[in-house]
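Any read-out appearing in this document is the output of simple, stated calculations on the displayed coordinates, not a laboratory observation. Keep in mind it's a predicted model, so treat the numbers as computed, not measured. Cβ placement follows ideal geometry from the backbone for every residue including glycine, while neighbour counts extend to all protein chains displayed.
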Ligand code: KG4
Ligand code: ZN
């Protein structure tokens, strides 16, 4: 028999995503973003995001169905992000998913946003090797995870950020540097013309004792953010022009250095042969280049999903939904609720 057709809906932040996956294969996905509406505020405004989801959800789902050449009544299950994320934004996606599930008479699955980010890679590179280490780096999260079986076993947190996420650090420093929102891509572009050794920014939480450092796989980016802000402020006070390219390149180098060093160390310590890097910051050119170099020299296979599957999207939610359906996981009742601060 043909594998079930699974619709995934994502609405945890500013992207409204719908994706359709069948038997591990991506049939279509469409993302509508309200990013432009937030740009002048320098960050995502929750109320604006929720309203934008309301406008986009039905069109995005319809477009995904059109592109897959399917009718709604050919869907076999609906998966939706229940958290973590912005509560108003999550509510819209969940309400839409419930309505579809109820009206079509198909099971509903509530899924974790980060599990979705991990599952995204399977759409490009096939099933995840067991075990693998996953580095999740986005605007809201920075975590190192040990994944044995995405749907059958709990995910083990090796370490998380103690304060800001890596993407948040890029976004906030970009603002101080006078670069546009979202800051990550802007820093990446600005860094192209800069010297990564120009400013000796700190490498937070990398100084612990070998083998027994409780923060070996934890991250901290708020001190780095402050250091970058102080560096910029110093130039301003002295009436000097800010060498943005050097600042961006040096910041990017510090972030990429810490992320990849810890990710590779986690693989080595747990004797894991595959590192998967997901989330918006996986799009960063220096993170990718350094991860490639360090994985290659440590004999570790590096998997990074294509850019469109790295940032928030519905395909990744359909991907984890598809894994759950095929693992015979129990569907959720229609009383399913959001969990804005869901632990993994
Ligand atoms: O995964 P994502 O789309 O949304 C969240 O779940 O947060 O990640 C968005 C984050 C933003 O902080 C953005 O600035 C960052 O990913 N980002 C980048 C790049 N592209 C996106 N950071 C650094 N370099 C990039 N090229
Ligand atoms: Zn995300």
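Taking the range 1-63 and the strands (runs of 3 or more DSSP E) fully enclosed by it, the elements with 2 or more residues that are free of Cβ contacts under 8 Å to residues at least 60 places away in the same chain are at 25-33. Taking (1) away from ligand 1 (no atom under 16 Å from the Cβ); (2) closer than 30 Å to residue 59 by Cα; (3) touching a strand residue (DSSP E or B) at 6+ places or on another chain (Cβ under 6 Å) in turn, residue 330 satisfies each apart from (3). Can you find even one residue in the range 289-310 that is near ligand 1 (Cβ under 10 Å from one of its atoms) and either more than 30 Å from residue 60 (Cβ to Cβ) or in a loop (DSSP other than H, G, I, E, B) (or both)? No, the range 289-310 contains no residue that is near ligand 1 (Cβ under 10 Å from one of its atoms) and either more than 30 Å from residue 60 (Cβ to Cβ) or in a loop (DSSP other than H, G, I, E, B) (or both).
Pairing residues of the range 332-344 that are at positive phi with residues that are surrounded by 17 or more Cβ atoms within 10 Å (Cβ to Cβ), at Cβ distances under 6 Å and at least 6 apart in sequence or on separate chains, gives no pairs at all. Looking across the range 125-144, the residues that are part of a strand (DSSP E or B) and within 14 Å of ligand 2 (Cβ to nearest atom) come down to 134, 135, 136, 137, 142, 143.
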